Amino acid sequence: MIIRIVKLTMREEEVATFKNYFATVCETIRAQEGCTMLQAWQDIHQPNIFFTYSIWHTETDLNNYRDSAFFLQFWKTVKPWFAAKAEVWSFDKIVDLP
């Protein structure tokens with residue numbers, strides 16, 4: 001299981017645009033082979049900062065999504081809205097909480 005967290009810092013004038021756009025693509029992302037969960041979070045004190053949290057069966061599934069035409073179009077669309085470079089972390093889950 002691979003957990004992927006991506007921090008996206010948007011220009012303030014693009015916050016609503018990003019939220020609206022993400023709402024239109026989230027089901028497509030969830031439908032990607034190997035994606036078992038996708039959430040998006042918005043910082044309560046800095047509303048132009050978002051995190052996406054996704055869980056993938058394997059790193060291969062994640063990489064296939066990242067190499068897909070859909071992802072390339074998604075990234076091409078949102079990247080001009082960034083106020084800072086995206087930050088990305090990938091994790092192996094090693095323990096569950098009780």
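The values are calculated or read from the model by the stated rules, or taken from the named source; none is laboratory data. For clarity, every value in this text was computed on a predicted model and none was experimentally measured. Every residue, glycine among them, receives a Cβ derived from its backbone with ideal geometry; neighbour counts consider all protein chains shown.
Being more than 11 Å from the chain's Cα centre (by Cα) and either of a type in the set (A, V, I, L, M, F, W, C) or modelled with pLDDT under 95 (or both) narrows it down to one residue among Ala40, Ala69; which is it?
Within the list Ala40, Ala69, the selection yields Ala69.
Just a yes or no: is a residue in segment 19-32 at pLDDT 95 or above and in contact with an Asp or Glu (Cβ under 7 Å, 6 or more places away or on another chain)?
no
Only one of these is of a type outside the set (Ser, Thr, Tyr) and touching a Cys at 6+ places or on another chain (Cβ under 8 Å): Ile49, Ile44, Ile2, Ile29. Name it.
Answer to the selection: Ile29.
Exactly one of these conditions fails for Leu62: (1) under 14 Å from Phe22 (Cα atoms); (2) in contact with a Phe, Trp or Tyr (Cβ under 8 Å, 6 or more places away or on another chain). Give me its number.
That leaves (1) as the condition not met.
When you look at Ile94, is it out of contact with any strand residue (DSSP E or B) (no Cβ under 6 Å at 6 or more places or on another chain), of a type in the set (A, V, I, L, M, F, W, C) and modelled with pLDDT under 95, yes or no? Reasoning before the result, please.
Numbers: out of contact with any strand residue (DSSP E or B) (no Cβ under 6 Å at 6 or more places or on another chain): yes; of a type in the set (A, V, I, L, M, F, W, C): yes; modelled with pLDDT under 95: yes.
For Ile94, the condition - out of contact with any strand residue (DSSP E or B) (no Cβ under 6 Å at 6 or more places or on another chain), of a type in the set (A, V, I, L, M, F, W, C) and modelled with pLDDT under 95 - is met.
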